[in-house]
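Shown next, in structure tokens, is the structure this report addresses.
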Amino acid sequence: MILVYITCKDAEEAKKISQTLLEKKLIACANFFPINSMYLWKGNINNDSEFVLILKTVDKNFRKIEKEVKKYHSYECPCIISIKASDVNKEFLKFIKKEIKD
């Protein structure tokens, strides 16, 4: 299982991406919440409000998720990171595998 971490410009973008990935059964669950971000971009330090998405899925779906996210994401260079979740309770892993597309 993996977690996919994505930053979005606002709640609407996070919802749209989540909805699309859920409908395509590429993820079983999405969490999103507001964050404050500071980052370097084109030589400048930026301080913005964003929403972060944490998606739960299986490893093999990462490239498909990345492709879909890029279709709907507003950023020129979106952050799309896969984080391996090596320790997962059996019941939750069973839920994830049951809900996503093979």
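No lab work stands behind these numbers, since they all come straight from the coordinates. Here the structure is a predicted model, which is why all the values come from computation and not from measurement. Because the Cβ atoms are built from the backbone with ideal geometry, glycine has one as well, and the counts that use them run over all protein chains shown.
Looking only at residues in the range 47-69 that are closer than 20 Å to Glu13 by Cα and among the polar types (S, T, N, Q), the one that is surrounded by the most Cβ atoms within 10 Å (Cβ to Cβ) is Thr57. When the range 62-92 is filtered for residues that are more than 15 Å from Val4 (Cα to Cα) and part of a helix (DSSP H, G or I), the ones remaining, listed by number, are Lys71, Tyr72, Lys90, Glu91, Phe92. Can you tell me which residues in the range 34-61 are in a strand (DSSP E or B), in contact (Cβ under 8 Å) with a residue 40 or more places away in the chain and among the hydrophobic types (A, V, I, L, M, F, W, C)? Selection gives Phe51, Val52, Leu53, Ile54, Leu55.
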